[in-house]
1. Answer yes or no: is there a residue in region 283-294 that is buried (at least 24 other Cβ atoms within 10 Å of the Cβ) and either out of contact with any strand residue (DSSP E or B) (no Cβ under 6 Å at 6 or more places or on another chain) or on the phi < 0 side of the Ramachandran plot (or both).
2. Select from region 318-356 the residues that are buried (at least 21 other Cβ atoms within 10 Å of the Cβ) and touching a Phe, Trp or Tyr at 6+ places or on another chain (Cβ under 8 Å) and write down the one among them that is nearest to residue 83 (Cα to Cα).
3. Scan 343, 315, 396 and give me the residue that is at pLDDT 95 or above and more than 15 Å from the chain's Cα centre (by Cα).
4. Here are 243, 196: which of them is assigned to a loop (DSSP other than H, G, I, E, B), among the polar types (S, T, N, Q), in contact (Cβ under 8 Å) with a residue 40 or more places away in the chain and surrounded by 18 or more Cβ atoms within 10 Å (Cβ to Cβ)?
5. What are the residues in region 220-240 that are over 27 Å from residue 312 (Cα atoms) and either aliphatic (A, V, I, L, M) or free of Cβ contacts under 8 Å to residues at least 40 places away in the same chain (or both), if any?
6. I need every pair where a residue in region 407-423 that is more than 17 Å from residue 395 (Cα to Cα) has its Cβ under 9 Å from the Cβ of a residue that is aromatic (Phe, Trp, Tyr) and assigned to a helix (DSSP H, G or I), sequence separation at least 6 or different chains.
7. Just to check your reading of the model, which residue among 299, 255 is in contact (Cβ under 8 Å) with a residue 40 or more places away in the chain, out of contact with any Asp or Glu (no Cβ under 6 Å at 6 or more places or on another chain), outside any loop (DSSP other than H, G, I, E, B) and open to solvent by 10 Å² or more (accessible area, probe 1.4 Å)?
8. From (1) outside any helix (DSSP H, G or I); (2) of a type in the set (A, V, I, L, M); (3) under 17 Å from residue 306 (Cα atoms), pick out the condition that doesn't hold for residue 229.
Amino acid sequence: MLERLDLRGRSNDLTDLLPRPQAGDSVSQDAVRQLIAQVRDGGDAAVRELTARFDGVDVADTLVPVSELSAAWDSLSPGLRSAMETAHRRILEFHQAEAAIGHVYERDGVAVRSVSQPVDRAGIYVPGGLAAYPSTVLMTVLVARAAGVDDIVLCSPPGPDGNLAAPVLAAAHLCGVTEVHRVGGVQAVAALAYGTETIRPADVVAGPGNAWVATAKQLVAGDVGVASAFAGPSEIIVVADATCPPAAAATDVVLQAEHGPGGRAWLVTWDEKCAEAVCEAIGQIVDLSPRREETLATLEADGFVCLVDGPAQAADVANFVAPEHLQLMCEGAEELVGSIRHAGAVFIGPWAPASVGDYVAGPSHVLPTAGTARFAGALTTDDFTKRMHVVDVSEAGFDQLAPAVAELAEAEGLWAHAASVSRRKEWSTSGVRP
């Protein structure tokens with residue numbers, strides 16, 4: 001089921017030894033660009049046509065009535081409501097604490113404050129189709145809320161009946177979102193970026209999706225704010241050794257694979273018996289899964305068992321692949337974290353499956369995929385804010401720094417820049433202007 005990669009005794013240069021997909025390499029950018037243009041030019045009519053084409057349902061009015069959001073919340077079982085409230089509290093508290101970190105730099109009479117200003121409107125994309133993801137509502141909307149964004153619009157693809165799943169609507173209600181549209185795919189990203197007759201454009205578009213959605217976000221970046229990470233199909237690397245129960249490692253390899261095709265699932269180990277036991281357990285777990293077909297498709301296309309010389313080479317593999325999720329279920333896991341440079345999120349030890357991060361740990365589960373963890377990280381409040389610097393200069397500070405400003409301005413041939421400091425004292429005392 002998993003493709004075997006044996007790196008034992010091989011070179012440390014992994015470039016020719018390991019597969020690593022490029023962001024969006026399975027999707028035609030030209031095709032996505034054409035769909036975006038269709039929505040940009042055609043508005044609501046184009047969204048309706050594309051929804052019928054790709055989702056197989058005709059949605060005349062995309063906006064979900066607010067009454068349906070509250071009704072969906074009321075329809076949930078007490079257990080699910082409690083679980084959502086637990087996740088809501090932990091996610092919001094984590095991101096509020098992270099956003100509270102400020103910065104003031106004072107030296108030589110100059111004080112600079114770094115102020116985070118939220119965007120006016122955030123557009124949230126929540127995937128659907130194969131499953132309903134109320135957790136993604138929480139993991140995106142609450143990050144924007146913690147950043148201070150008041151105006152939030154949410155888009156998600158409709159099901160075969162033209163509606164959204166009750167748990168998704170209930171999560172939106174819990175997060176205080178009142179504008180929810182039954183729109184998915186590239187057409188949703190384009191609508192959020194450029195607007196239609198009924199969907200006002202957002203300043204930032206965030207949320208995971210399939211490769212088409214992630215590629216669409218890349219293509220609209222610049223016209224609208226988009227996180228730098230390619231948040232596409234799910235990925236995981238599980239690093240395990242003989243101390244890890246095979247069934248636990250196997251379940252954790254499978255848990256991201258069950259999202260369906262397009263993702264990646266790796267087992268990395270330096271113990272051949274561990275590899276054999278985990279692979280056997282994976283087969284048993286997949287057979288038990290209600291999502292057997294989706295899971296099997298991912299594992300057969302992009303599932304790998306990688307044998308390495310030891311923990312150091314396992315870290316090299318993880319850094320090369322730069323996975324969305326990295327789970328360290330081996331002896332010395334805490335020490336191994338120090339060798340990890342590229343991963344969306346790292347989970348340590350037997351009691352930290354990636355599912356805890358997916359739902360309740362606190363940080364957003366919107367993470368970089370397709371190797372973009374080399375330069376990007378998880379969705380944070382920074383994705384919904386802009387840094388505005390406030391500069392306050394005292395007269396003493398001006399006197400000390402003005403000569404440096406004048407020298408640099410003259411070196412660049414910018415006369416007015418130099419004059420703004422060299423003549424300021426004269427202007428302030430005599431009122432003389434050049």
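The values are calculated or read from the model by the stated rules, or taken from the named source; none is laboratory data. The structure presented is a predicted model; accordingly, all values stated were derived computationally and were not measured. FYI the Cβ positions are ideal-geometry reconstructions off the backbone, even for glycines, and counts take in every protein chain you see. These area figures cover heavy atoms from the full protein model, side chains too; ligands, DNA and RNA do not enter into them. Shrake-Rupley method; radii C 1.70, N 1.55, O 1.52, S 1.80 Å.
1. Scanning region 283-294, I find no residue that is buried (at least 24 other Cβ atoms within 10 Å of the Cβ) and either out of contact with any strand residue (DSSP E or B) (no Cβ under 6 Å at 6 or more places or on another chain) or on the phi < 0 side of the Ramachandran plot (or both), so the answer is no.
2. Here the answer is 354.
3. 315
4. When all the criteria are applied, what remains is 196.
5. 220, 221, 222, 223, 224, 226, 227, 231
6. 409/415
7. Selected residue: 255, the only one of 299, 255 that is in contact (Cβ under 8 Å) with a residue 40 or more places away in the chain, out of contact with any Asp or Glu (no Cβ under 6 Å at 6 or more places or on another chain), outside any loop (DSSP other than H, G, I, E, B) and open to solvent by 10 Å² or more (accessible area, probe 1.4 Å).
8. With (1) outside any helix (DSSP H, G or I); (2) of a type in the set (A, V, I, L, M); (3) under 17 Å from residue 306 (Cα atoms) applied to residue 229, the lone miss is (3).
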